[in-house]
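Inspection log for the structure reproduced underneath, given as structure tokens.
The values are calculated or read from the model by the stated rules, or taken from the named source; none is laboratory data. Note that the structure is predicted; figures quoted are calculated from it, not measured. Note that each Cβ is placed from the backbone with ideal geometry, even for glycine, and that neighbours are counted across all protein chains shown. All accessible areas refer to the heavy atoms of the entire protein, side chains included, with ligands and DNA or RNA removed. Shrake-Rupley method; radii C 1.70, N 1.55, O 1.52, S 1.80 Å.
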Amino acid sequence: MSYSHLLVAVAVNSESHLLLKKAVSIARPYQARISLLTLTHDPEIYNQFAAPMMENLRDLMQEETQLFMNELIAQVDYPIAETIIASGALSENIVHLCERDGIDLVIYGNHNQRYFSRAACSAKGVVGASKVDVLLVPLRDE
């Protein structure tokens, strides 16, 4: 089966290189597009006095995430169509992007190797919400 547009859900960690490598191996034979999605967490604002400091933290987190995405892209020999840095629920972002951009495969990392952990993993929400194929790539906890 060939795919035309892959969405790779990455996190700011070294395991994302494995996910992107897997995506390239699937995309390359068909010249499929690859888009990257990562989430940033919005620092909570506890009161109006902390708001200016939290805004600086939000900007810093956004900048660090963008730097990581740039590094990730620079280390792969394949064009990346789009990078998306979002906030909120991963499954909601994935469903929206799949519908908006015609994505037909989502690649997602899975840390849970044990039988009982698999039932409660975060990937379950992605698989359950997705209307396209989802490839879970096993990632080893070290």
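Considering segment 1-43, and only residues there that are among the polar types (S, T, N, Q) and part of a loop (DSSP other than H, G, I, E, B), the residue that is least open to solvent (accessible area, probe 1.4 Å) turns out to be T40. For segment 69-115, the set of residues classified as under 20 Å from L139 (Cβ atoms), of a type in the set (F, W, Y) and surrounded by fewer than 18 Cβ atoms within 10 Å (Cβ to Cβ) consists of Y115 only.
Conditions tested, residue by residue: (1) in a strand (DSSP E or B); (2) under 18 Å from L36 (Cβ atoms); (3) modelled with pLDDT under 90.
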| residue | (1), (2), (3) |
| --- | --- |
| I103 | no, yes, no |
| I107 | yes, yes, no |
| N112 | no, no, yes |
| R118 | no, no, yes |
| G125 | no, no, yes |
| G128 | no, no, yes |
| V137 | yes, yes, no |
| R140 | no, no, yes |
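The residues of segment 69-96 that are part of a helix (DSSP H, G or I) and among the aliphatic types (A, V, I, L, M), listed by number, are M69, L72, I73, A74, L90, I94, V95.
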